[in-house]
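Scroll down for the structure; my scribbles are underneath it.
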């Protein structure tokens, strides 16, 4: 049987999933619950992809697409809005995470960015491919 444990910290029956696992029928899941946590029985989930909203497992939203393509002309851009509190990492360095993300480049190549937004958004890796013009 699948179990999903969540903390309803975002409103009624709504919050982040803190654990998800499969166990034998009759397992005493209540023994592992911390105060305030709630269990959903028979529900499969992945904490990195899902949250609980009004008592149901739902997909966590993404901030951006996983891949973009842009001409490497220095003028064309990829842009998307970021929730307040988002961290962006590129090649081991943290970039600003406030306001919209805007990327322009004149050098062809593939550029990768780790996007670490606040809950309920998903953490994700965004790849931008800049093509020679």
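Things to note:
- Residues located in region 28-55, provided they are outside any loop (DSSP other than H, G, I, E, B) and either touching a helix residue (DSSP H, G or I) at 6+ places or on another chain (Cβ under 9 Å) or modelled with pLDDT of 95 or more (or both): 39, 41, 50, 51, 52
- If the condition is being at pLDDT 90 or above and closer than 18 Å to residue 42 by Cβ, then region 4-17 contributes 4, 5, 6, 17.
- Sole residue being over 27 Å from residue 2 (Cβ atoms), modelled with pLDDT of 95 or more and under 17 Å from the mean Cα position of the chain (by Cα), chosen from 128, 115: 115
- Total residues in region 94-117, condition assigned to a loop (DSSP other than H, G, I, E, B) and closer than 11 Å to residue 62 by Cα: 1
- When 19, 64 are checked against the criterion of being in a strand (DSSP E or B) and surrounded by 14 or more Cβ atoms within 10 Å (Cβ to Cβ), a single residue qualifies: 19.
The values are calculated or read from the model by the stated rules, or taken from the named source; none is laboratory data. Because the structure is predicted, anything quoted here is derived from the model rather than measured. Glycine also receives a Cβ, built like all others from the backbone with ideal geometry; neighbour counts cover every protein chain displayed.
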